[in-house]
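Working notes, beginning with the structure itself.
The values are calculated or read from the model by the stated rules, or taken from the named source; none is laboratory data. Note that the structure is predicted; figures quoted are calculated from it, not measured. Reconstructed Cβ throughout: ideal geometry from the backbone, glycine too, with neighbour counts over all protein chains shown. SASA here: full protein model, heavy atoms, side chains in, ligands and nucleic acids out. Shrake-Rupley method; radii C 1.70, N 1.55, O 1.52, S 1.80 Å.
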Amino acid sequence: MRDIAVFSGSAHPELAQEVCAHLGVPLSPTRVSRFANDCLEVQLQANCRERDVFLIQPLVRPVQEHLVELLLMCDAARGASAGRITVVMPHYSYARSDKKDAPRISLGGRLVADLLVAAGASRVLAMTLHAPQVHGFFSVPVDHLHALRELAAHFRQYDLSRTTVVSPDLGNAKEAAAFARLIGAQVAAGAKQRFADDRVSISSVIGDVTDRDVIVLDDEIAKGSTVIELLEKLRELGPRSIRVACTHGLFAAGALKRLSEQPDVLEIVCTNTVPVPLDEHTDKLRVLSIGPALAEAVRRIHNGESVSALFEESRGA
């Protein structure tokens, strides 16, 4: 069995430390430096030869800097004769660029996948991709985890007898339905139309939310425009309570502050796939750890065990 080596870029070293703590292995050091001409250079400061190398780096702001870091880490590991290189990407931001919905538009999700493989990635471990079909952009194996088990464990502390899980749009309805099954709740979805990155319209909510405890579930919250629009529509229907949950709490452009200021939102729940902005802390925010799940997936990949068995366990939870 090859030795394991885990490295982190600068995007989210705290999560990498947590994963290594659960694995019982040290986090190997990485040096990132910048030349006078603004080019980045990465050095992996531990032996990689014939080792099972895991590179942990979510693509978060500044996305382009962290992407180039990750590409250089892959290249450094390949040049150091790594036995296998697994990119652990808790958040793949370019997954949103997954379709050609306008003339002459770029498909960043596929392009970045090709770049990672060209740089040396032989496997990818991701969590809650914006659309499941993004797997197909990669020409190497992809293990796709979700955080539904962690979210369900959190919400089971409440009385869920009159709960409805609401997806902001039909695209995320399948994920919302899976989460609703985990907690024994009903499911509903918004009929959304997007006009721009921060301008959406939700014409109706399909499902029963009147006088019920609502959990709004999305894969990620960036500017929060979709959730705030959904809240307006929900208020017309008279829910008993509202909580908001997502896997990736990006909370860009003051989104966390805007959501926490909504008086009827009791709680905002996310995971630590990305660093949560510390300058916008609110008492309504709950951050759940996906470190144990990532560590278990890494362990199974390293040992040649089934990663999909994790999904079966979460369905039975």
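So which residue, out of Glu50, Glu69, Glu236, gets the largest mean-square fluctuation from a GNM of the chain using Cα contacts under 10 Å as springs?
Comparing Glu50, Glu69, Glu236 in the GNM, the peak value goes to Glu236.
By how many degrees, 0 to 90 and rounded to 10, does the Cα axis of helix 225-237 deviate from the longest principal axis of the chain?
20 degrees
At 1.4 Å probe size, with every protein chain present, just tell me what the per residue accessible area of the chain comes to in Å².
Working: 14060 Å² over 317 residues.
Accessible area per residue, the chain: 44 Å².
Please compute the alpha carbon radius of gyration of segment 114-157, then divide it by the globular-protein estimate 2.2 N^0.38 Å. Two decimals is fine. Present the calculation step by step, with values, prior to reporting the outcome.
Details: Rg = 13.8 Å, N = 44, 2.2 N^0.38 = 9.3 Å.
With N residues counted in segment 114-157, Rg over 2.2 N^0.38 Å equals 1.49.
Rounded to whole Å and ordered largest first, report the semi-axes of the equivalent ellipsoid of the chain derived from its Cα gyration tensor (root of 5λ).
Values: eigenvalues 248, 90, 63 Å².
Square roots of five times the eigenvalues give 35, 21, 18 Å.
When every alpha-carbon pair in segment 251-293 is counted, what percent end up more than 15 Å apart?
Numbers: 358 of 903 pairs.
I get 40 percent for the Cα pairs in segment 251-293 exceeding 15 Å.
Rounded to whole Å and ordered largest first, report the semi-axes of the equivalent ellipsoid of segment 205-292 derived from its Cα gyration tensor (root of 5λ). Mind showing how you got there, number by number?
Values: eigenvalues 101, 37, 26 Å².
Whole-Å semi-axes of the equivalent ellipsoid: 22, 14, 11.
If you project the alpha carbons of segment 83-185 onto their three principal axes, what span does each projection cover, largest first, in Å?
50, 41, 15 Å, listed from the longest principal axis down.
Size of the dipole of the chain about the Cα centre, Lys and Arg at +1 and Asp and Glu at -1 on the beta carbon, nothing else charged, in debye to 20? Write down the numbers at each step before the final one.
Numbers: 35 positive and 39 negative charges, 97 e Å.
Around 460 debye, computed over the chain.
In whole percent, how big is the carbon plus sulfur part of the accessible area of segment 106-156, probe 1.4 Å, protein atoms only?
Values: 1110 of 1910 Å².
Of all accessible area on segment 106-156, carbon and sulfur atoms account for 58 percent.
Can you pull the semi-axes for segment 174-249, root of five times each eigenvalue of the Cα gyration tensor, sorted largest first, whole Å? All intermediate terms of the calculation are to be shown ahead of the outcome.
On the way: eigenvalues 74, 48, 24 Å².
After diagonalising the Cα gyration tensor, the semi-axes are 19, 15, 11 Å.
Considering only the chain, what is the antiparallel percent among its DSSP beta bridges, to the nearest 5? Can you show the working numbers first?
Values: 13 of 57 bridges.
Taking every DSSP beta bridge with both residues in the chain, the antiparallel ones total about 25 percent.
Of Leu71, Leu40, Val209, which is farthest on the positive side of the dipole of the chain, counting Cα position, with +1 on Lys and Arg Cβ, -1 on Asp and Glu Cβ, and the Cα centre as origin?
Of the candidates, Leu71 comes out farthest on the positive side.
Please grab the % of Cα pairs in segment 33-83 that end up more than 16 Å from each other. Let's see the in-between values first.
Working: 557 of 1275 pairs.
The calculated P(r) of segment 33-83 puts 44 percent of pairs beyond 16 Å.
Using only the alpha-carbon atoms, how far is helix 13-23 inclined from the longest principal axis of the chain? Give it as 0 to 90 degrees, nearest 10.
Relative to the chain, helix 13-23 is tipped by roughly 80 degrees.
Round to a whole number: what % of the accessible area of segment 160-292 belongs to carbon and sulfur, probe 1.4 Å? Don't skip to the end; give the middle numbers.
Details: 2820 of 5520 Å².
That share works out to 51 percent.
Roughly how compact is segment 1-139, stated as its Cα Rg over 2.2 N^0.38 Å to two decimals? Kindly include the intermediate steps, with their values, before the conclusion.
Numbers: Rg = 15.1 Å, N = 139, 2.2 N^0.38 = 14.3 Å.
Normalised Cα radius of gyration, segment 1-139: 1.05.
What does the charge count around Asn303 come to, taking other residues whose C-beta lies under 12 Å from its C-beta (Lys +1, Arg +1, Asp -1, Glu -1)?
My count for the surroundings of Asn303 gives 0.
Kindly express, to the nearest 10 degrees and within the range 0 to 90, the angle between helix 291-303's C-alpha long axis and the longest C-alpha principal axis of the chain.
Tilt of helix 291-303: around 40 degrees.
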